[in-house]
Structure formats: structure tokens, C-alpha cells
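Structure first, then comments.
The values are calculated or read from the model by the stated rules, or taken from the named source; none is laboratory data. Being a predicted model, the structure only gives us computed values, none of them experimental. All Cβ positions, even for glycine, are placed from backbone atoms using ideal geometry, and neighbour counts span all protein chains on display.
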Amino acid sequence: MRLLLRRPEAALFALAFGAYAYFFQAGGWNENVRLDLTRAIVEEHTIVIDYYAGNTGDFCVFNRHFYCDKAPGTSVLGVPVYAAWRAVARDMRPRGRMVHLGAYLVTLCVVGLPSALAVAALFRLAMRWGAPAAAAAVLAMAWAFGTLALPYATLLYGHQLAAALLVFAVALLARAPDAPSSDAARWTQARMFLAGLALGSAFATEYPVALPLAVIGLYALAVVRPWSRLVWLALGAAPPLLALAVYHTAAFGSPLTFPYVSSPDVAREGGLFLGLTLPDPRVTYKILFSFDRGLLRHVPWLALALAGGARMAARRAGRAEGLLCLSVMALALSFNSSLSTTPGDWKAGAGIGTRHLVASLPFYILAIGGLIAPPPAWWRRRPLRWAAIAVFAALVVGSTAKMVAATAVRPEPSGIDDPFVDYIWPHWERGEVALNPIVMHNGPMADDPQAWNLGQKWFGLTGRTSLVPLAGFALLATTWLVWTLKQRAEVLSQGGHSQVTTMGVRGPP
């Protein structure tokens, strides 16, 4: 336990998990249909959601039955959590409260927990690719709290879970760019099987991640030696993919039939395939810079990923890693900009950003790490180094403030031209938080908020004051993190077991 408490990964996990666990966002069409499938499996022992579909418009109809129109991974992973909760809370009244608390536990265990573990994994991965420990910790926290990862780690969607699974897979596959040939020993059969399991589960969770999965497959082909180990990668991916095929066959009659084929959503009609067209540059501009969904408008420091990825790719030692990051970023943008058969399809519903980019965000972070791994010549000049750190810190703090406010108030405001100016900041200034009135059960919907945070739930606090316990916890966890990084630096200065390479500091494999 003492060794665990001295590890930065433990502090990062605790910080992220505590923040993600603090919020319950209540319902919405996307969240509700995923929980509907979980409830149907647990309560009715079926994948048909006829009894539950009244709380959502995100469904598909096949053979006169209603089905979830999303990839089933998130819902299936929630089955044991919801089943255990239902066994404990069977007699709880009213029933709607039981369903909401069950939804909170499902979201926490299926989305929040893997997301927090992925923050620690991204820290390790950034170090393995050459970032010093302190810089890797900053990058991990910037992803966890300064991007769409924060709100989507508190929502019952598949996008942030898919992002976490991709991080796990790449962390298992990754090499140190300057590692000797003996580093090939890290690709054990167990490690490769787990990486494949993560990749297959990511596709079963969110269909569009097929694009980054293809790039990660090429990366594995480029770095894994001997190639025979790739068989174990395929074996690991097989179970979730076979389970997905069984689900598709049971629901839609064919393992290759996707639920969107039977969706009443007009956006899934036309185009080249299920509403997809060729990438539209005008839509790409809106995805990046529009007031309502602009990724770089709300999180401008992510623009550094292009320069960081290019710098990685320009060096022979990090070329595969740089191309991996740049390709995942480009494919995610291309997919999102291809959703243009209807005017608003690219927006991906209500929100403060387009959720189709969420799974690609860790690769932006890793690419930014390429700016300092290894440090450029100007980095040795203290004034320039501190000026760069100050600017980056200011940008990250600004985007974190936005993400925290959106997560606290309502991360999915709908029908708003500028979600921050027209909705989030006005409510924040009035001290109004946890505003979502949409229920996740099947009863009538009132106008009262159904969302809450733990400050309200446990301590009876109201308004912005309800976030004070979270702020206190974040301060303690950050202090713990700083202490662990200091301890690590002292061990390195005393010639500890961690290795120092020309790419930076990296821990044991």
C-alpha cells in the first residue's frame, strides 16, 4: 500500500475518479436507450426494449419490435452492475428513484471507472513516449478535466468508454520510440491478448471507432515483433466481436446488419452508407470553430496537437507514434464532417461539442507531448520555457473552467446557439447547477431537475456551494499527486530503478 500511495498513477486515478463520481446527469435520448437495453436484459431477460422505449427517440424498429440503435457494449457492461443494484434495492420506492440510482451506478462503473483508469494509463503512455513525469501528469490532467472527456465521463454514452479502451490498447502495444530491440520482450501473449480484447470491446461499444482501430492495427504491425504475436491480438479481439455478431443476429437477423439500418432517424438515410457522405470542408470548419460545437473554440490548446504530431512523425524514432496520433485525429474529423445529409447531423445532438470526437481526444494529448519529447533546443532557455508553460497553463485552466461549469450545470443544453454564452454561464452566475429535467425511468416527466451532484445528495448543499466538497477533494488529490512526483524525482536523482533515456524519463515497463 505504501508503494501504491507513492505512485503518481494512483493519485491521478483518485483525482479523476472522484471528479467523475461527483456528478449524475440524469437522462436524455442517448443515455436512456442504453439504460433501456440494460434494464431489458436484467428485468425482462430480452434485448427487445418495447416496454422501455417510451423514454427515448433513439431506437430502431425491426419485425415490429423496438431495439437500442446504439452499439450494445455500454449496455451489456452495465448488466452486472444494474442486476446487483436491483437485487439490493428491489423494494425501494418510488421505483423511479431506484432506476436513477441504478443509472448512476452503471454510469460510474461502466464509464467513470474506465475513464479514470485511462487517465493513469495515458500518464504512463506519455512517459513511455518520452515526456518527463511532471509533463505527462499535466497532459493526463488536461485530458481528464480540460476537454470533453470530463462531461462525457459522467454521461451514459459509449464515446468516453471507447476512448478509455483505445488508451488501454495503445498503452499495451506501445514501445518507447528509442527502445533497444530487447524491448520486444514486452509484447507477451497476455499483453497482446488484453490489447486485442480492448480493441474489440471498443468497436462493440462505439461503431465509428472502426477507423482508429484500423490505424492502431497498422501501428501494431509496424512495432510489434515478432509478428507471430499479432495472432494473440486477433484472439483477444475475437470474444467481443463474436458477442457483437451474436447480438446483431438475434436482434436484426444478420451479424453484419447494424441497428441504424432500421432507425427512423432521417439522418441515417441517403448518402453513401447510413447517411455518411464524403467529408465536407465547411462542416469541418464548423466542427472546429463554430460557437455551438467548435472544438478549438472551447479547447483552443488542442491545436498544438498538429505541431506535436508532426514533430513526432518527423523523427525516425517516433515516426510510427506521430503518424498514429495524426491519423486518428484526421479520421475522426473526416468521419464527423461526413455526417452532412441533414443540416445538424454533424452536431451529434445536444451538447457543448460534437461527441464523435471524444474517442480521438487522447491522441491529441499524446501528440502535444511530442512538442517536448525530446525537449527542443529553445526549451533550455528558462525565460522561453516558463513563458510557454504559463501560456499553456492559462489555456488549460480556461478550458477546464468551461468543462467544469458545463458538467456542473448541464453538459447537454439543446437548441442553444452558443451553449456557454446563452445557457451555461448565465445559470452558473445565478448559482444554478444540475438542471437537467429529463428522467431515465418510464414514468411521467416533470419540469423539476433530475440531475444532482454529491454535494447536494450527501451534504444538502445548494447552488455553486455544492461543488465546495469537490474542490476540497481536488486540492487534496492534487497535493498528493505533486508529492508523488517529487518522490519520483528524488528516486531518480539518487539513481533509482527507473530508466532515463534521451527521450525523457520513463518508468519500468
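Exactly one of these conditions fails for Val223: (1) more than 29 Å from Ala14 (Cα to Cα); (2) modelled with pLDDT of 95 or more; (3) of a type in the set (Val, Ile, Thr). Give me its number.
Failed condition: (2).
If a residue must be in contact with a Ser or Thr (Cβ under 9 Å, 6 or more places away or on another chain) and part of a helix (DSSP H, G or I), how many such residues does region 49-82 contain?
9
Those residues that are under 15 Å from Leu139 (Cβ atoms), buried (at least 16 other Cβ atoms within 10 Å of the Cβ) and of a type in the set (Gly, Ala, Ser), I need them from region 296-317; list them, please.
Ala305, Gly308, Gly309
What are the pairs, 6+ residues apart or on separate chains, where a residue within region 442-461 that is within 21 Å of Arg39 (Cβ to Cβ) has its Cβ under 8 Å from a residue that is among the aliphatic types (A, V, I, L, M) and surrounded by fewer than 19 Cβ atoms within 10 Å (Cβ to Cβ)?
Final answer for the pair search is Ala451/Leu435.
Taking the options Val358, Val283, Val261, Val328, name whichever one is of a type outside the set (D, E, K, R), part of a helix (DSSP H, G or I) and at pLDDT below 90.
Testing whether each residue is of a type outside the set (D, E, K, R), part of a helix (DSSP H, G or I) and at pLDDT below 90 leaves just Val261.
Quick one: is Arg7 of a type in the set (Lys, Arg) and either in contact with a strand residue (DSSP E or B) (Cβ under 6 Å, 6 or more places away or on another chain) or within 26 Å of Ala149 (Cα to Cα) (or both)?
On the way: of a type in the set (Lys, Arg): yes; either in contact with a strand residue (DSSP E or B) (Cβ under 6 Å, 6 or more places away or on another chain) or within 26 Å of Ala149 (Cα to Cα) (or both): yes.
Yes, satisfied.
Condition first: surrounded by 14 or more Cβ atoms within 10 Å (Cβ to Cβ) and farther than 19 Å from Val48 by Cα. Now tell me which residues in region 239-253 satisfy that.
Correct list: Pro239, Pro240, Leu241.
Among the residues in region 482-501, are any more than 30 Å from Arg86 (Cα to Cα), at pLDDT 95 or above and surrounded by 19 or more Cβ atoms within 10 Å (Cβ to Cβ)?
Among the residues of region 482-501, at least one is more than 30 Å from Arg86 (Cα to Cα), at pLDDT 95 or above and surrounded by 19 or more Cβ atoms within 10 Å (Cβ to Cβ), which makes the answer yes.
Only one residue in Asn32, Asn63, Asn55 is polar (S, T, N, Q), more than 14 Å from Val110 (Cα to Cα) and at pLDDT 95 or above, so which one is that?
Only one candidate passes the filter, namely Asn32.
Quick check on my filter: what residues within region 285-341 are under 14 Å from Leu361 (Cα atoms) and either out of contact with any helix residue (DSSP H, G or I) (no Cβ under 7 Å at 6 or more places or on another chain) or acidic (Asp, Glu) (or both)?
Leu306, Ala330
When only residues in region 331-355 that are among the polar types (S, T, N, Q) and in a helix (DSSP H, G or I) count, which is surrounded by the most Cβ atoms within 10 Å (Cβ to Cβ)?
Asn336
Working carefully through the options Ala121, Ala103, Ala131, find the one that is buried (at least 24 other Cβ atoms within 10 Å of the Cβ) and either β-branched (Val, Ile, Thr) or at pLDDT 95 or above (or both).
Ala103
Confirm whether Thr478 is touching a Leu at 6+ places or on another chain (Cβ under 9 Å), in a helix (DSSP H, G or I), surrounded by fewer than 16 Cβ atoms within 10 Å (Cβ to Cβ) and at pLDDT 90 or above.
Spelling it out, Thr478 is indeed touching a Leu at 6+ places or on another chain (Cβ under 9 Å), in a helix (DSSP H, G or I), surrounded by fewer than 16 Cβ atoms within 10 Å (Cβ to Cβ) and at pLDDT 90 or above.
Just to be sure, is Leu256 surrounded by fewer than 20 Cβ atoms within 10 Å (Cβ to Cβ) and in a loop (DSSP other than H, G, I, E, B)?
Spelling it out, Leu256 is indeed surrounded by fewer than 20 Cβ atoms within 10 Å (Cβ to Cβ) and in a loop (DSSP other than H, G, I, E, B).
Select from region 262-284 the residues that are in contact (Cβ under 8 Å) with a residue 24 or more places away in the chain, of a type in the set (A, V, I, L, M) and in contact with a helix residue (DSSP H, G or I) (Cβ under 7 Å, 6 or more places away or on another chain) and list them in ascending order.
Hits for region 262-284 are Ala267, Val283.
Only residues that are of a type in the set (S, T, N, Q) and touching a Leu at 6+ places or on another chain (Cβ under 9 Å): list them for region 390-419, please.
Across region 390-419, the qualifying residues are Ser399, Thr400, Thr407.
Take Ala251 and decide whether it is farther than 21 Å from Ser334 by Cα and touching a residue at least 12 places away in the same chain (Cβ under 8 Å).
yes
Name the residues in region 167-189 that are surrounded by fewer than 24 Cβ atoms within 10 Å (Cβ to Cβ) and either closer than 25 Å to Gly78 by Cα or at pLDDT 95 or above (or both), would you?
Phe168, Ala171
Residues in region 195-215: is at least one without any contact (Cβ under 8 Å) to a residue 12 or more places away in the chain, surrounded by fewer than 18 Cβ atoms within 10 Å (Cβ to Cβ) and not in a helix (DSSP H, G or I)?
Checked against the condition, which is being without any contact (Cβ under 8 Å) to a residue 12 or more places away in the chain, surrounded by fewer than 18 Cβ atoms within 10 Å (Cβ to Cβ) and not in a helix (DSSP H, G or I), region 195-215 yields no hits at all.
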